[in-house]
Amino acid sequence: MNRLRFATRRLVAMAVAGSLGVLAASVTHASDHLDTPTVIADPAADIGDLFAWTSPDGRRLNLVMTIVAHQFSDRLQYVFHVDSGARFRKTTATTSIACRFDAANLAECWAGDADYVRGDASKPAGLEGRNRRLRVFAGLRDDPFFNNVKGVRAGLGVAAAALQGGAVVDAAGCPAFGDATSREVLDRWRHTDGGPATNFLAGWTSAALVVAIDLDVVDTGGKLLAVWASVRKPPADESPVAPRAKTDGIPARPTLGEPIERVGRALTGNGLLGPLAPNDVSGRRKEEYNRAAPSDWPQFSTDIQQTLGLYDGFDGRCGNQWYVDAYPELPTLRYAALANLLADDRLWIDARATACTRYLAVELAEAERPGTAAGDCGGRTPSYDVIDAFRSLLVGGNTTGADDGVEHDDRAHSTVEFPFLAAP
Amino acid sequence: MRSGGPGRAWLVLASVACGAGNAAGAVDRPHATTSGAIAIANLDHEIARRQDGAEVEELLLARARFLGDYESLDRATALAEGRFGNGGELLQRARSRSAEHRFAEALADVVAAERAGASPEETGALRASILVATGRAAEVVAQLEAGAGRRPGFASRSALAGAYAAVGRFDDADRVYVAALGDLDTTSPFPYAWVYFARGSMWSEQAGDPARAEAMYTQALILLPEFAAANVHLAELEVARGDLASAVARLERVVAASGEPEALALLGALHARTGDPVRGRLEIARARRRFEALLARHPLAFADHAAEFYLGPGADAERAWSLACQNLAGRQTDRAFALAIEAARASGRSREASVLAARMGRATGRQGPASRAVSPGPR
């Protein structure tokens with residue numbers, strides 16, 4: 001959810017860090033130098049959100065990547081990674097759906113070696129692959145994400161003030177806020193400027209890369225799918241001209257470059273990495289997170305653990321967060337299991353299910369009884385209230401209770417009709 | 001706001017016949033950046049999305065600097081003037097005021113931001129850049145060297161390079177600019193284009209190496225073809241080496257996109273000299289109106305450029321003198337002195353010219369060619 005770098009993540013960091021007296025510079029500014037993060041960053045390299053869910057007929061996997069920008073970069077690769085396996089967190093195969101764009105924003109996408117599409121993908125019907133295994137849309141859409149950013153900021157400000165006022169933090173890192181503070185935090189989260197909650201992102205539009213792909217292209221390792229997305233710089237020696245054609249007429253896939261951005265679940269990279277750290281420190285860590293290879297992802301569980309303690313205290317009770325039962329006798333490891341799960345930052349989808357109604361359904365079912373089918377594809381559709389579900393789990397261990405007062409987007413999006421997101 | 005040497009454009013126009021060759025300067029490895037057109041579309045999208053929200057001023061100032069869009073400058077400064085409730089907002093107002101060349105007020109905002117708890121690192125960097133822009137680079141070189149050593153990166157190195165350029169250490173500046181480019185890890189073309197523009201300005205305006213400058217401007221324009229100031233600077237070099245057709249075509253594109261007054265004035269002067277005096281006069285008259293309109297809104301930001309215009313095709317030495325004095329009051333750079341001296345001479349003020357010439361070396365503490373901080377001005 002990098003598009004909220006200047007909203008959610010920064011607001012969290014500033015509200016908390018500021019009141020703790022550790023407010024620090026992000027990057028030095030100079031009056032005539034174009035050196036601010038805002039200006040230096042390329043919004044075309046910034047993934048807003050990732051959505052992934054199965055079609056109601058159980059034949060396709062739908063994938064959506066929103067980009068902060070209006071247009072895709074002509075120098076980057078946009079990649080969906082679909083890992084698959086028979087068991088939760090034990091994926092054995094990977095299929096990449098990689099797209100690139102030219103200066104006119106014409107798209108060219110490869111679905112592994114199974115299909116290929118090239119052309120103007122900006123019409124609502126998108127483009128169908130040569131082998132009809134893939135459909136791609138790439139263009140401007142209404143942004144489906146919704147979030148009461150101002151209310152959350154106000155709530156975090158209350159928590160930050162309590163911390164500055166001396167709230168005691170336990171050995172696991174959970175602050176004892178007390179009932180009054182807790183009530184105020186959660187109440188502020190549900191309102192905007194003291195009134196009814198409003199969606200900070202109402203009316204926002206984003207470039208969206210939308211893919212519908214046959215499930216049998218991506219479930220080669222099993223029916224449990226783990227999806228993440230990345231933006232990559234092509235290798236320096238990659239020719240800008242189309243690579244040589246293979247015998248089946250599909251051009252050879254480009255070599256994937258180094259990642260510069262990645263997203264799995266909502267609010268993980270941005271929300272859980274160093275919100276109490278100075279901005280330059282958390283920014284560097286986020287850069288490392290974005291560029292890390294999957295084998296290095298577990299190293300971020302320590303960072304995430306530290307933040308989970310803060311969230312756990314927001315309802316005035318420490319120790320009632322999702323997954324905390326894993327180490328009841330070891331407070332310092334109270335948040336380790338959940339941190340470990342979240343560091344494996346992929347959206348989990350049970351491709352056996354055709355109903356998709358619940359965010360984190362696969363993870364919740366596994367937590368309840370390992371190996372049990374969720375009966376729901378989980379993943380993330382454009383209609384899920386992921387913010388409420390995720391924060392509520394972190395605060396009180398349930399998928400409701402820490403609501404931000406915004407339950408749906410201002411526009412109606414579809415989970416069945418391609419390209420799913422409402423027109424801008 | 002792009003800066004130009006006193007009477008530079010008009011002088012090069014007068015010396016077309018003895019133009020220099022187009023020797024290539026050293027240009028670094030190519031940068032894999034998003035195309036300029038896409039980057040600008042995305043910048044505009046982000047500006048529209050943020051409406052009047054936080055940090056939009058930065059984006060508006062970028063639009064003004066790169067595209068010569070002074071309506072964006074108007075909006076950025078209006079927003080910044082209305083927001084000063086905390087250290088961050090005061091720093092933003094300082095940046096905006098600095099972009100308008102209201103340097104004294106910008107420095108006051110930096111002090112206020114410090115009192116309001118803004119990060120010493122941010123306030124220190126901003127203060128240093130203002131001092132560089134006001135001819136006091138020598139005071140901050142050591143500080144910037146220490147900063148670049150402590151936290152090497154694009155921000156610290158580009159700031160140090162700008163200071164080196166301002167004190168005449170051109171080779172050092174270029175070396176540090178190259179290092180700053182190496183620190184960048186973004187696909188945004190804006191910071192790369194800015195550094196090439198800064199290097200081009202340094203080599204052409206201060207170090208007297210137009211061939212090297214041309215290579216830098218060319219590189220900036222490969223990254224961002226719409227970069228108005230780089231186009232105008234490159235057009236001036238093209239005029240100097242006799243490629244009038246390329247200069248005219250380039251300036252016409254800039255004028256069509258932005259109405260940039262310096263481009264209009266140079267285009268008018270070119271047309272006037274190349275057989276189309278009527279069109280030339282119209283363009284110069286339009287440049288005059290545009291300069292005056294901008295001066296009414298941002299008097300300090302455009303004082304130096306307008307003074308140069310009135311010393312050249314604007315043909316009003318009294319107006320040039322007035323504007324040059326205004327500019328000199330705001331910043332005592334070599335270039336500000338040189339401009340005032342030229343305006344004094346052009347308006348028959350030989351005594352004032354002598355006094356200013358005597359003061360110039362003492363104020364800036366440097367001998368050598370007239371220098372100025374490379375500042376795309378409010379751009």
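The values are calculated or read from the model by the stated rules, or taken from the named source; none is laboratory data. Remember, predicted model here, so these are calculated numbers, not experimental data. Cβ: placed from backbone, ideal geometry, glycine included. Neighbour counts: every protein chain shown.
Scanning the stretch A:158-213 for residues that are touching a strand residue (DSSP E or B) at 6+ places or on another chain (Cβ under 6 Å) and in a strand (DSSP E or B) gives A:169, A:175, A:205, A:206, A:207, A:208, A:209, A:210, A:211, A:212, A:213.
Right, residue A:423: at pLDDT below 95 and not acidic (Asp, Glu) or not? Taking the combined requirement at face value, the residue does not satisfy it.
In the stretch B:263-273, the count of residues that are among the basic types (Lys, Arg) and under 19 Å from residue B:312 (Cα atoms) is one or more. Residues in the stretch A:68-103 that are farther than 29 Å from residue A:201 by Cβ and among the aliphatic types (A, V, I, L, M): A:86, A:93. Among residues of the stretch A:361-389 that are on the phi > 0 side of the Ramachandran plot, those with a Cβ under 7 angstrom from a residue that is part of a helix (DSSP H, G or I) and buried (at least 19 other Cβ atoms within 10 Å of the Cβ), sequence gap 6+ or separate chain, pair up as A:378/A:361; A:378/A:362. Annotation: of all residues in the stretch B:332-355 being buried (at least 23 other Cβ atoms within 10 Å of the Cβ) and not hydrophobic (A, V, I, L, M, F, W, C), the one that is farthest from residue B:105 (Cα to Cα) is B:342. Residue B:75 meets the conditions (1) modelled with pLDDT under 95; (2) closer than 30 Å to residue B:166 by Cβ; (3) of a type in the set (D, E, K, R) in every case but one. The failed one is (1).
Here residue A:119 fulfils each of the conditions (1) within 14 Å of another protein chain (Cβ to nearest Cβ); (2) free of Cβ contacts under 8 Å to residues at least 24 places away in the same chain apart from (1). Scanning the stretch B:226-270 for residues that are surrounded by 17 or more Cβ atoms within 10 Å (Cβ to Cβ) and either in contact with a strand residue (DSSP E or B) (Cβ under 6 Å, 6 or more places away or on another chain) or of a type in the set (S, T, N, Q) (or both) returns B:231, B:258. Of B:174, B:183, all but one fail to be charged (D, E, K, R) and modelled with pLDDT under 95; the exception is B:183. Per the listing B:91, B:59, the residue uniquely farther than 22 Å from residue B:226 by Cα, free of Cβ contacts under 8 Å to residues at least 40 places away in the same chain and among the aliphatic types (A, V, I, L, M) is B:91.
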